[in-house]
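The values are calculated or read from the model by the stated rules, or taken from the named source; none is laboratory data. A quick note: this is a predicted structure, and the numbers were derived from the prediction, not measured. Heads up, the Cβs are rebuilt from the backbone with ideal geometry, glycines too, and the neighbour counts pull from every protein chain shown. Heads up: the accessible areas ignore ligands, DNA and RNA and are worked out on the full protein's heavy atoms, side chains in. Shrake-Rupley method; radii C 1.70, N 1.55, O 1.52, S 1.80 Å.
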Amino acid sequence: MSEEPESVPVSARGVTPDSLLHTGGSDDPSAEDLVLASGRDLTPQNLEWAQRRLAREGRAAMEKQLP
């Protein structure tokens, strides 16, 4: 049996709680969101890149980064 017992708290099983998940369904992504989704470091240059990309592509910029 590889399943953990139900009595183990969700946080101990390595599952992210719903309160920490973000789908972006109702919010516009920020430049910081796009930088992090692209795997880049939060630097002023990367934030500028993300702001330009969001201005050009809108939400599609984020959707292209996420599977």
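Across region 27-52, which residue is least open to solvent (accessible area, probe 1.4 Å) among those that are among the acidic types (D, E) and part of a helix (DSSP H, G or I)? Looking at residues that are among the acidic types (D, E) and part of a helix (DSSP H, G or I), I get D33. Against the list (1) modelled with pLDDT under 65; (2) assigned to a loop (DSSP other than H, G, I, E, B), the condition A12 fails is (2).
For region 39-67, a residue qualifies if it is among the polar types (S, T, N, Q) and within 18 Å of D27 (Cα to Cα), and the qualifying residues are Q51, Q65. Summed over region 53-67, residues that are basic (K, R) and either outside any helix (DSSP H, G or I) or more than 18 Å from G39 (Cβ to Cβ) (or both) total 2.
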